Amino acid sequence: MVSVDKKSFKLAYINKFLELHGIDLKEGNNQQKYEALAGLIRDYVSRMWLKTNKKNNKSGQKQVYYFSMEFLMGRLLGDALLNLGIRDICKEALSELNIPLEELENLEHDQGLGNGGLGRLAACFLDSMASLNIPGNGCGIRYKYGFFEQKIVDGKQVEVSDDWLKEGNAWEMRKANKSEIVKFGGEVKVDYINNNLTFTHVNYEPVLAIPYDTPIVGYDNDVVNTLRLWSAEAVSNEFDFSSFSRGDFLKAIEYKNSIESISQVLYPEDSFYKGKILRLKQQYFFVSAGIQSIIRHFKKYGGNIEELDEKIAIHINDTHPTLAIPEIMRILVDEEGLDWNVAWRITTNTVSYTNHTILAEALEKWPIDMFKSLLPRIYMIVEEINKRYCEELWNRFQGQWQKISDMSIIADGQVKMAHLAIVGSHSVNGVAKLHTEILKKKEMSNFYYLYPNKFNNKTNGITHRRWLLKSNPKLTNLLKDTIGDSFIKHPTDLNNFQKYLSDDSVLEKLSRIKLENKKRLASTILKNQKIEVDPYSIFDVQVKRIHAYKRQILNCLRIMDLYNSLIDNPDKDIESRTFIFAGKAAPGYYLAKNTIELINSIAKTINNDSRVNNKIKVVFMENYNVSLAEQIIPGTDLSEQISTTTKEASGTSNMKFMMNGAVTIATLDGANIEIKDEVTDENIVIFGLTADEVLSYYRSGGYNSSEIYNSDIRVKRVVDDLVSGRYNPDKDRFRSIYENLVNYNDEFFVLKDFDSYVKAQNKIDMLYKDERRWQKMCGQNIAHSGIFSSDRTIEQYATGIWGSEVIYKNL
Ligand code: 26Q
C-alpha cells in the first residue's frame, strides 16, 4: 500500500508537474496534467516493482509466464490508483487544485493490443496474478498500431489506424540492455563434432527484439508484476546508415522498415486464419525473444537448466505462441547441449496450452514451405518432434493409418499448430465446461483418448476490480454498505448480498443506481451518436465482435418483428426499449461489415418513424473498446448472449454484465450454462436449441431453414424486408444475409431459434413489468457473480496447471 496523505500527495504532484514540464501548473493543459499524474503514480509503483523483482530473484518461487499475441489492457491509470488504494486521496488532492480526476483519466489512450475476448482475458489474468501474489508475467508484442479504431460513415464501418503511442506511453519502460536477437531465414549447417551432431544456423537475418516493460499492480498487496512487450528493430550494424551513397541509404531505410514491420500492427481477425508470413514472423519473434530472455534470467540467478520445469511455467494463450515448444527445445538441445529426451521432458512439463475456439476456420495451419524457409532450424525440430510422436502413434494405433495421419503434426503440406501444442504441453484446457466437453468428446477426441490426463477445464473469469470496483463505484458502495468489503479480496462473499434482497430499501437503491448508470450512458450516447434515448426504457445490449455465430442478425430480425407489431398495433402494450449494439467487424469479413450496416439501417428507419412514438430506439455505438465497455456494462438492463449453441467457447462479457446486475437472455452456450447453474432458472431467461440438438443437426442434417421461412409468417415478413427496400433504398444491400438465411440453409440456426427467442423476449417484458421482481433478479445475478472473478480462475490455473504456490499474504 502507498501511504500518503492528501497534503503530501498534492505537493508531490505539483513537484512532478514542474519536473516534467518546467512550467507552472496553472499554465499547463490537461494532457500535461495527466502526464504528471501518471508520472507520479509510476514513481510510487517503481519502488514496489523493484521490491517484487528482488523478492522473485531471491525466493526461488516458481515464475509463471503468460505468452499471448494479445493483451487488451484498456487504460491503466484508474486501475493503478484503485489497486494502490489511493484513488480517493488523489481525487481530493486534485480537486483542491481544481483538476477533475476523471477528465485526466479519460485522456489516457486505451491500450488496445487485442481483438476481443482472448486479449481481454489475458489482461484480467495479469491483474489477478498480481493481486493473488503469484509471480506471473505477461509476454507479448508491442504493436505500434493496436486494434483499429472504428468510425461509422453512412452507416458503414471505416477502419482508422490506432496510433496509440502518439502522445507517448507513461507506463512503459524501454529496456534496451535486455534486448535479444531473433534469427530468421538462412540455413542450418549440420556437423559431427566429438561424436555429437551439432546444428549451426548460418546466413540468417538477425532482428533485434527490444523489451518494453509495463508494471502490473496487485490489489493492496505491494506486488508489482511485469508485462513485457517486444518491439522489433534492425540490428544497427547490419547496414551503414551514415553511408554517403544515396542508393545504399535508401536501401538501408527500406531494410529497417521491413524489420520494424514485424511489430507494426495487430492482425484484426479473431476467427479466421490466413497463412500470412508476417503473422508467422510475429509469432516466432516474440516467442523466441521471450524464451531466450526467460532462460537467460533463470541462469543468471543460478538456475540449473535441468530444473527449468520446476521453476518456470509457460502458458500459451491459444496456439499463437506454440513455437515456444520447439524454441525451448532448440535452446536446451542446441545451446545447452541436453539430450533430446531430457529436453523433451523439461519442455512438456514447462508448457501448458489453452484452447479458445472450436471454429474450424480459426485453426492455425502453416504451409511447410513457408515455415521451413522462415524458420529452418525450428522446422527441423518440429519434424523430429513429429517423427518421435508418430512412432508413439504407430505403437498405440497399429494399422490405423487414417487416424495416425489425422493426428500428425505435419500432414497435407502443413504444420498443424494445435497438434503441436497438445503434444508439446502437459496440460490442455478449454474455457468453459461445455467447451471442454466438446474438445474432449468431439474436436480433439483422438488426442483425449491418447492423453486423457492432459485435458481439463478452466472456466473463464473477469477481474472484479476493473469490472465492478472501477467501472461501477455506486454499486460497489452499496455492496460495501450492506455486506462489507470482504468481497474485494474474496469475491464469492458477494453471496452475502442475497440476504438483502428481501429488503425493499436495498432494492430501491439498486434500482436508483442502475438508473444513474443508465443516465450516464444515455449522455454518452447523445454525445457520441447524437441520439437521444430514454433512460427509463429497458437498455437491451449486445456488445461484442460482430460475427455470424454471435447472431447479431437474430437480434435484428426480432427488432424488425417488434417494429412490425408496433406498426400493426400502435397501442400494443410493450415496455419501451433501447437496443444498443457495439462491436467491430474484421476488415475483410463482408458479412460482419454488412451486419453493421443493417443495424444502422434499422436504427435510421425505426428512430425516424413517428408512429413508433419513441417506444423503441436502436443505437449502434461507434468504436467499442475496453473504456466504452466500462461505461456500457453498468448501464445495462438486459445482456444479450445469443450465440449459436456450441460456438461460443465461453464468452466473458456475459460475466461482466451479471456482476453489474443485468439480467441475461441466453442460449445454453459457453459459460452461459454455468451462469444459469449459479443463478438458477428463475434469474435468467434461456431459449434456443441445445448443444445436443445443434450437434445432431450438424452431424446428420435434418434442418431446412426454408421450411421455417415458408411456414412462419412473421419470419417470412422480416426476412423479406431485408430485400424489400424498407430499410435501405438499395434493395440488394442485404441480399447476402437473406441468401444465407433462406437459400444456404442458415448455418447458425437463426430462423430455427427465432420463435423461441421472441417468446423469451416477451417473457423479459413480463418480468420487467414487475419492478420488485426484476430488481431481485438483478440482485441475485450480482450475488452469484463472485465465482466468475478471474481470481477463482487463476487460482485454479495456479494449483491445477502451473504448480505455483498461492500465497495471499503481503510481502
Ligand atoms: C489466428 C490466426 C491468424 C490470425 C488471427 C488469429 C486469431 C486471433 C485472435 C484467432 C483467434 C483470436 C481470438 C479469439 C478469441 O477471442 N476467442 C474468444 O476467447 C474468449 C476467452 O476465452 C472466449 O470467451 C470466447 O468465447 C472466444 O470466442
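The values are calculated or read from the model by the stated rules, or taken from the named source; none is laboratory data. In this text the structure is predicted, and so the values were computed from the model without any measurement. All Cβ positions, glycine included, derive from the backbone under ideal geometry; neighbour counts span all protein chains shown. The accessibility values were calculated without ligands, DNA or RNA, using every heavy atom of the protein model including side chains. Shrake-Rupley method; radii C 1.70, N 1.55, O 1.52, S 1.80 Å.
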Exercise. In 10 Å bins starting at 0, how do the alpha-carbon pair distances of the stretch 127-183 split up by percent?
Worked result: 16, 29, 33, 16, 6
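Size of the dipole of the stretch 538-591 about the Cα centre, Lys and Arg at +1 and Asp and Glu at -1 on the beta carbon, nothing else charged, in debye to 20?
Details: 8 positive and 6 negative charges, 113 e Å.
So the magnitude is around 540 debye.
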Seminar exercise, completed: Bridge orientation stat for the chain from DSSP, antiparallel percent rounded to 5, came to 45
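What do you reckon, how do Glu187, Glu630 stack up by accessible area (1.4 Å probe), largest on top? Write down the numbers at each step before the final one.
On the way: Glu187 95, Glu630 20 Å².
Final ranking, largest accessible area leading: Glu187, Glu630.
Using +1 on the beta carbon of Lys and Arg, -1 on that of Asp and Glu, and nothing else charged, what's the dipole of the chain about the Cα centre, debye to 20?
On the way: 103 positive and 107 negative charges, 137 e Å.
Around 660 debye, computed over the chain.
Which residues make up the longest stretch of the chain that has no chymotrypsin sites (Phe, Trp or Tyr not before Pro) in a DSSP loop with at most 14 other Cβ atoms within 10 Å?
Between exposed loop sites, the widest span is 1-240.
Under a 1.4 Å probe, what is the accessible area of the chain per residue, stated in Å²? Could the numbers behind the result be given before it?
Working: 32100 Å² over 811 residues.
So the chain comes to 40 Å² accessible per residue, rounded to a whole number.
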Seminar exercise, completed: Trp340 and Asp609 label points (each 7 Å along its Cα→Cβ direction) are spaced in nm at 6.9
Exercise. Can you list residues whose amide H is under 5 Å from Ala411's amide H, if they're 5+ apart or on another chain and H is modeled 1.01 Å from N?
Worked result: Lys416
Exercise. Where in the stretch 294-363 are there trypsin sites (Lys or Arg not before Pro) that are in a DSSP coil and have at most 11 other Cβ atoms within 10 angstrom of their Cβ?
Worked result: none
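Remind me, relative contact order of the chain in percent, using alpha carbon pairs under 8 angstrom and six or more residues apart? Display every interim value, and only then the final one.
Values: 1429 pairs, mean separation 108.9, N = 811.
Worked out over the chain, it gives 13 percent.
Could you pull out the trypsin sites (Lys or Arg not before Pro) across the stretch 675-767 that fall in loop regions by DSSP (anything but H, G, I, E, B) with no more than 14 other Cβ atoms inside 10 Å?
Numbers: sites: Lys676, Arg699, Arg714, Lys716, Arg717, Arg726, Lys731, Arg733, Arg735, Lys752, Lys759, Lys763; in loops: Arg726, Lys731, Arg733.
Those that pass, being in a loop and sparsely packed, are Lys731.
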Exercise. For Phe199 and Lys480, what does the FRET efficiency come to when R0 = 51 Å and r is the distance between their Cβ atoms, rounded to the nearest 0.05?
Worked result: 0.25
Seminar exercise, completed: So, over other residues within a Cβ distance under 15 Å of Ser790, counting Lys, Arg +1 and Asp, Glu -1, the net charge is +3
Exercise. How far is the Cα center of the stretch 487-504 from the Cα center of the stretch 717-769, in Å?
Worked result: 40
Problem set entry | Ellipticity estimate at 222 nm from DSSP helix runs (n ≥ 4, -39,500 (n - 2.57)) divided over the chain, nearest 500 | -14000 deg cm²/dmol
Problem set entry | Stretchable slack from His109 to Lys256, in nm (0.36 nm times residue separation minus alpha-carbon distance) | 50.2 nm
Seminar exercise, completed: Residues meeting the amide H criterion for His547 (H placed from the backbone, H to H distance under 5 Å, 5 or more places apart or on another chain) are Gln552
Problem set entry | Cα gyration tensor shape for the stretch 41-91, rounded if a/c is under 1.5, else prolate or oblate | oblate
Exercise. Among Ile14, Ser405, Phe748, which residue has its Cα positioned farthest towards the positive end of the charge dipole of the chain, with +1 placed on the Cβ of Lys and Arg, -1 on the Cβ of Asp and Glu, and the dipole taken about the Cα centre?
Worked result: Ile14
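Keeping the other protein chains in place, figure out the carbon and sulfur percent of the accessible area of the chain, with a 1.4 Å probe. Each step should come with its number before you reach the end.
Values: 15540 of 32100 Å².
That fraction is 48 percent.
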Exercise. Are there any helices in the chain, counted as whole DSSP H runs, that stretch 20 Å or more along their axis by Cα and score at least -0.5 on average by Kyte-Doolittle, and if so which?
Worked result: 6-21, 117-131, 277-300, 552-568, 590-607, 750-769
For this session: Scan around Ser789 for amide H atoms under 5 Å from its own, H built in the peptide plane at 1.01 Å from N, and keep only partners 5 or more places away or cross-chain.
Result: Ile462
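Can you tally the net charge around Thr436? Count Lys and Arg as +1, Asp and Glu as -1, for every other residue whose Cβ sits under 14 Å from the Cβ of Thr436. Please list the in-between numbers first.
Values: positive: Lys433, Lys440, Lys441, Lys442, Lys454, Lys458; negative: Glu437, Glu443, Glu648, Asp669, Glu674.
Taking every Cβ under 14 Å from that of Thr436, the sum is +1.
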For this session: Quick one: grab Rg to one decimal and Dmax as a whole number for the chain, Cα atoms only, in Å.
Result: 27.3, 92
For this session: Could you rank Ile193, Ile713, Ile794 by how accessible they are, 1.4 Å probe, largest area first?
Result: Ile713, Ile193, Ile794
